[in-house]
Amino acid sequence: MIPRLSVLLGLLLACAVQAASIPGQQAVATAHPLATAAAHRILDEGGNAFDAAIAAAATLGVVEPYGSGLGGGGFFLLRQGGNEGARYRFIDARETAPLKAGRDLYRDAAEEVQRDPAINGPLAAGIPGLPAALVHLADEYGQLTLKQSLAPAIQAAEQGFAVSSRYRALGSFRLEAMRRDAETSRLFLRDNDIPAEGTLIKQPELAQTLRLLADQGRDGFYRGQVAERLLTGVQEAGGVWQQADLDAYKIIEREPIRFASHGYEVISAPLPSAGGIALAGIMQGLESLPPSKTGSVQWTHHLVEMMRRTYHDRAALLGDSDFIEVPVARLVSASYARKLAASIDPDHATPSTALGQTRPFNEGTNTTHFSLIDRNGNAVAATLSINLPFGAAFTVPGTGVVLNNEMDDFAADPAGENAYSLAGSEANAISPGKRPLSSMTPTMLENDQHLAVLGTPGGSRIITMVLLGALEAVDGQPVERWVSRPRFHHQYLPDRIQAEDATFSGEQTAALRAMGHKVELAGRDYGDMQALSWDKKKGEISAASDPRGVGEALVTAPQKAD
Ligand code: GLY
């Protein structure tokens with residue numbers, strides 16, 4: 001009897017362990033309700049998280065023409081769930097510099113780097129990566145056909161979506177550039193102005209491009225009719241794309257950055273994103289400093305000083321590791337983080353001039369992020385971009401494809417700065433086929449008890465927003481707090497803390513200033529975090545969408561059994 005009982009107990013235990021190793025529920029958090037609905041529809045039709053990711057990414061590209069799309073790229077962090085333990089993969093669908101792009105792309109006759117062509121029009125556009133990523137996800141990870149997973153996006157492009165307050169705000173930011181391009185103005189403005197809230201935006205040309213991608217896979221975008229239109233449209237407007245660029249584009253599967261911190265394994269974006277490396281430095285550095293209360297002046301000082309140091313490294317050392325040598329293993333090591341932390345003066349701000357020269361700061365809000373998980377524990381954190389709102393503000397006629405202006409993430413002038421005033425270096429100089437350095441940081445944190453999945457748009461501030469969200473997660477805070485907490489940021493240059501208005505009390509601001517920090521209030525307009533949390537012990541999933549945006553997070557029970 002006793003052995004039998006122990007076998008039974010063993011079986012029960014095994015079942016319990018198995019039950020805890022998959023969530024049994026599914027959750028999607030995206031920046032737009034139509035994209036959240038699209039992903040849930042695909043999950044309910046029997047798709048897995050990777051099929052749902054295709055639906056979410058393609059639909060976001062339709063309903064957030066200011067944030068991402070087929071004319072852009074991005075990063076997908078994948079968790080393949082299962083009882084044998086999770087496996088992580090990272091799909092790098094970052095745009096590449098055209099083969100005719102070199103160091104002088106934006107220099108005029110007087111050798112001066114021109115800002116306008118680096119931001120507006122087709123010369124600002126890298127070769128898109130998102131279409132190739134969607135095909136790859138369907139081929140290698142999905143359960144449904146690409147046609148099934150793209151159906152909701154095609155429907156959204158045909159039936160239209162309503163202009164939101166976010167659309168209006170981001171459009172206003174780029175209005176002047178959008179007015180310059182007839183196709184962009186025709187599709188996304190009304191009477192050459194920002195459409196009223198609720199205006200229906202239909203994109204029949206984009207629906208047709210998505211249909212060709214669905215039917216023909218990679219060739220539906222990078223060859224044939226769409227490719228011909230892309231090349232004609234780009235070249236006629238002064239761009240340098242050739243068929244060879246489209247043929248050469250490849251997504252790259254990379255090993256994510258992984259490190260242990262705060263009782264979790266952190267899994268995040270590798271180069272060409274600076275995100276994982278910077279997170280490793282800041283989170284591990286924080287652990288080596290004397291403990292301080294979350295939100296206190298001392299804690300803020302520690303975080304700001306670690307941000308300053310890791311963003312300095314970003315500017316000095318980071319770029320596309322397929323083109324330059326980067327000491328990644330050293331930069332993500334705990335010993336290196338400890339060394340950075342040891343250089344912090346506990347009572348005084350370190351002037352950034354001690355590390356390099358000062359430059360001014362411009363703001364920007366861009367990009368999109370979604371987080372989702374299926375009933376089997378497959379999860380995706382994806383941050384996708386066309387860079388500035390409405391990308392290059394150039395839509396290729398006959399395709400509905402809004403081009404990115406991701407070329408501005410290169411250091412076009414290694415002695416200058418980009419639209420986010422990020423200092424750059426030779427490591428991130430333009431080179432044919434190279435990927436520009438990014439801040440996009442799709443991230444997961446996992447231990448036996450918990451999985452956290454998060455990310456956000458926000459240009460150079462993405463990394464520090466993900467950091468603050470991750471620290472809330474490891475602190476056991478609810479997912480709503482990760483996405484809504486007030487945010488602050490330091491990026492080495494310019495030398496100032498940018499803080500949302502509600503971040504610090506008057507006393508805290510005074511104390512930080514007394515330590516030598518410059519504190520600048522930045523309203524409450526940046527970031528649009530989408531996150532989910534799986535409490536493995538309780539068997540509960542929760543998800544949240546940033547209240548700053550118009551997105552939606554939804555947790556449901558699966559409708560179809562496996
Ligand atoms: N274009 C924004 C980023 O890659 O960080």
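Some points to look at:
- Inverse mean reciprocal Cα-Cα distance (Kirkwood Rh) of the stretch 285-332, Å: 12.4 Å
- Shape category assigned to the stretch 80-170 from the gyration tensor of Cα positions, a/c cut at 1.5: oblate
- When the Cα gyration tensor is reduced to axis lengths a ≥ b ≥ c, the ratio a/c is 1.5 or higher for the stretch 255-319, and with a/b not above b/c it is classed as oblate.
- Binned Cα-Cα distance frequencies in the chain - 20 Å width, integer %: 23, 56, 19, 2, 0
- Counting only DSSP H runs of at least 4 residues, each contributing -39500 (n - 2.57), and dividing by the residue count of the chain, the helix-based mean residue ellipticity at 222 nm comes to -11000 deg cm²/dmol.
- Cα lying deepest toward the dipole's positive end in the chain, options Phe50, Val401, Leu150, charges on Cβ: Phe50
- Cα shape, the stretch 153-272, gyration tensor, a/c 1.5 rule: oblate
- Ala316 paired with Ala502, simple spin-label distance in nm, labels 7 Å along Cα-to-beta-carbon: 3.8 nm
- Efficiency of FRET from Cβ geometry, Gln114 and Lys250, R₀ 41 Å, rounded to 0.05: 0.85
- Highest-first packing order for the peptide set 280-289, 332-341, 183-192 is 280-289, 332-341, 183-192, based on the mean count of other beta carbon atoms within 10 Å.
- Value of Rg to Rh for the stretch 142-196, rounded to two decimals, is 1.14; Kirkwood radius and Rg both from alpha-carbon coordinates.
- Across the alpha-carbon atoms of the stretch 453-562, the computed radius of gyration and Dmax are 16.5, 60 angstrom.
- At least 24 Å along the helix axis (C-alpha) and Kyte average at least 1.6, DSSP helices within the chain: 2-21
- Accessible area per residue in Å² at 1.4 Å probe, computed on the chain: 35 Å²
- Set Lys100/Lys202; Lys202/Lys250; Lys293/Lys339; Lys339/Lys518; Lys147/Lys250; Lys100/Lys250 screened for pairs whose C-alpha atoms are more than 28 Å apart: Lys100/Lys202; Lys202/Lys250
The values are calculated or read from the model by the stated rules, or taken from the named source; none is laboratory data. Remember, it's a predicted structure, so these values are computed and weren't measured experimentally. Methodologically, a virtual Cβ is constructed for each residue, glycine included, from the backbone with ideal geometry; neighbour enumeration extends over all protein chains shown. SASA here: full protein model, heavy atoms, side chains in, ligands and nucleic acids out. Shrake-Rupley method; radii C 1.70, N 1.55, O 1.52, S 1.80 Å.
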